[in-house]
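The values are calculated or read from the model by the stated rules, or taken from the named source; none is laboratory data. Since the structure is predicted, the reported quantities are computational estimates derived from the model, not experimental observations. No Cβ is skipped: glycine too gets one built from the backbone with ideal geometry, and neighbour counts run over all protein chains shown.
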Amino acid sequence: MAASEFFKKHDHDFCDRKCPTVLTAHNYYQETIAFGRYGKHWRMRRRICSTELPMNQQTNEVARLRRKCIDDMIRYIEEDAAAAQERGEEGKVNLARLLFLMSFNLVGNLVLSRDLLNLGSKDGKEFFDAMNDVMVWVGKPNLADFLPVSKWLDPQGIKRNMVRDMGRALEIVSNFVKERVDELKLAEEQETKDLLDALLEHTGEGKQGPDSISNQIVIIIILEMFFAGSETTSSTIEWVMAELLRKPESMKKVKEEINRVTGPQRKVEESDIDNLPYLQAVIKETLRLHPVVRLLLPRNSMQDTDYMGYFIPKETQIFVNVWAIGRDPETWEDPLAFKPERFLGSKIDYKGQHFELLPFGSGRRIV
């Protein structure tokens, strides 16, 4: 009820966001989509991103890239297990690490057309390390956000560390952009384009936007693709595997369904997903219990608002607890249990239209 009221009737009232102090480093806050202040410039950047993303335009090519990155991950798992056994160990692998590497490389292929993490990529390894450090500082509670008077002191040193690590990441991405600009000057028209190509070749939207996108905006958009697409994907898959290992009967059902649809030899393709309802139910149940972000990125009220009888002053930050929504006993039967069967035959989805399941939020500022 509260979530439905919030997103359906008051989405515009609460569609603004304030940027945390840590993301003021290198003026990142001026171009960010995730934390940008709501307005025409934010809408322009969001529109560019959603129209130019390769997955919205080249379905077959994106499927090929996903398949390639998954195949690489499977090979890494086999190699790690074999190497461990040769050392006389049990052959265990760090699945969380390999999932994150797969997700990072997938975003790298979609955005930059390259595997960032391989033996021949020094810049890729440096970028990976810098992004890891940046994500640590973004996720760390910062006293300066709660006591604005202390911002200039930076008592925990979070912004100082962010200036250093984000500076490294921005410099590496800037070099990627410069390399691509030089390549585009020399190369012929490409059949397939990644996000960087699309952003650099963006020709404007008439009166709705600029004729081209500045390099600073391009760099920030690329960074945000890695923020949004690597940790979130790998974390969800990790929770899927953890829940299936805890529930062998659910694991058995998933295996049986996959074998029935693909056979014992063929790999699962994206075209098979519609024929795998139990696997889809497993993913929904995982997102219900383990949303990637328990508290959605905070909304900010754009004006004084009466919300369900409560007066919310302008410039108030609002947190949506999607973790609690997914475990609400008034909505879900036996809410703490992992039961994918609850979604079989159900139309409930996680795309923001069903307010009992909102792992990515809803409305203008979804995710």
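Observations on the structure shown:
- Restricted to region 9-25, and to residues there that are more than 22 Å from the chain's Cα centre (by Cα) and in contact (Cβ under 8 Å) with a residue 12 or more places away in the chain, the residue that is nearest to Phe355 (Cα to Cα) is His10.
- Qualifying residue in region 14-32 (condition: under 20 Å from Glu315 (Cβ atoms), charged (D, E, K, R), surrounded by 15 or more Cβ atoms within 10 Å (Cβ to Cβ) and modelled with pLDDT of 90 or more): yes
- From the list Phe127, Phe146, the one residue that fits, being among the aromatic types (Phe, Trp, Tyr) and within 19 Å of Ile217 (Cα to Cα), is Phe127.
- Only a single item in (1) without any contact (Cβ under 8 Å) to a residue 40 or more places away in the chain; (2) surrounded by 15 or more Cβ atoms within 10 Å (Cβ to Cβ) is not met by Val292, and it is number (1).
Yes or no, residue by residue, for (1) of a type in the set (Gly, Ala, Ser); (2) in contact with a Pro (Cβ under 9 Å, 6 or more places away or on another chain); (3) in the same structural domain as Arg45 (by TED's automatic domain parsing):
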| position | (1), (2), (3) |
| --- | --- |
| Pro264 | no, no, no |
| Asp304 | no, yes, no |
| Gly326 | yes, yes, no |
| Pro329 | no, yes, no |
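- For first residues located in region 263-289 and over 13 Å from Asp349 (Cα atoms), partners that are in a helix (DSSP H, G or I) and among the small types (Gly, Ala, Ser) and lie 6+ apart or on another chain with Cβ distances below 9 Å form the pairs Glu269/Ala63; Glu270/Ala63; Ser271/Ala63; Tyr278/Ser250.
- Condition met for Glu183 (of a type in the set (Asp, Glu) and modelled with pLDDT under 85): yes
- Candidate set from region 253-309 (those that are over 21 Å from Phe14 (Cβ atoms) and polar (S, T, N, Q)); member that is modelled with the lowest pLDDT: Gln265
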